[in-house]
1. Could you grab me the full set of residues in the stretch 25-44 that are without any contact (Cβ under 8 Å) to a residue 24 or more places away in the chain and surrounded by 10 or more Cβ atoms within 10 Å (Cβ to Cβ)?
2. Could you please let me know if ASP50 is of a type in the set (Asp, Glu), within 17 Å of the chain's Cα centre (by Cα) and open to solvent by less than 70 Å² (accessible area, probe 1.4 Å)?
3. Give me a count of the residues in the stretch 1-24 that are open to solvent by 80 Å² or more (accessible area, probe 1.4 Å), within 21 Å of ILE62 (Cβ to Cβ) and either of a type in the set (A, V, I, L, M) or in contact with a strand residue (DSSP E or B) (Cβ under 7 Å, 6 or more places away or on another chain) (or both).
4. Can you pull out the residues in the stretch 39-67 that are in contact with a Leu (Cβ under 8 Å, 6 or more places away or on another chain), under 16 Å from LEU5 (Cα atoms) and of a type in the set (A, V, I, L, M)?
Amino acid sequence: MFNYLKMKGFTNDELVNHFEKIEEMNQNINDILAKNPNAILKKIDFNYLDEEKTKLNFEINIEVVNR
């Protein structure tokens, strides 16, 4: 997740400032993928909920395929 956000333009300071939220989302994604072996991570979107960029929000799209 950290490398992905870095590729999307996050600075090191932004990664540090939002470390807990990023780590929480990363863990949630990993948990879902571990519990659902046929799950496919389709998309990760993120935005800020405020102009000061203190409230980071993620929208995660995971498709669970039942085979």
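1. Selection gives GLN27, ASN30, ASP31, LEU41.
2. Considered against the rule, which asks whether it is of a type in the set (Asp, Glu), within 17 Å of the chain's Cα centre (by Cα) and open to solvent by less than 70 Å² (accessible area, probe 1.4 Å), ASP50 comes out as no.
3. So the count comes out to 1.
4. LEU41, LEU56, ILE60
The values are calculated or read from the model by the stated rules, or taken from the named source; none is laboratory data. Because the structure is a prediction, the values reported are computed rather than measured. Heads up, the Cβs are rebuilt from the backbone with ideal geometry, glycines too, and the neighbour counts pull from every protein chain shown. For the accessible areas, the whole protein counts, side chains as well, though only heavy atoms, and no ligand, DNA or RNA atoms are used. Shrake-Rupley method; radii C 1.70, N 1.55, O 1.52, S 1.80 Å.
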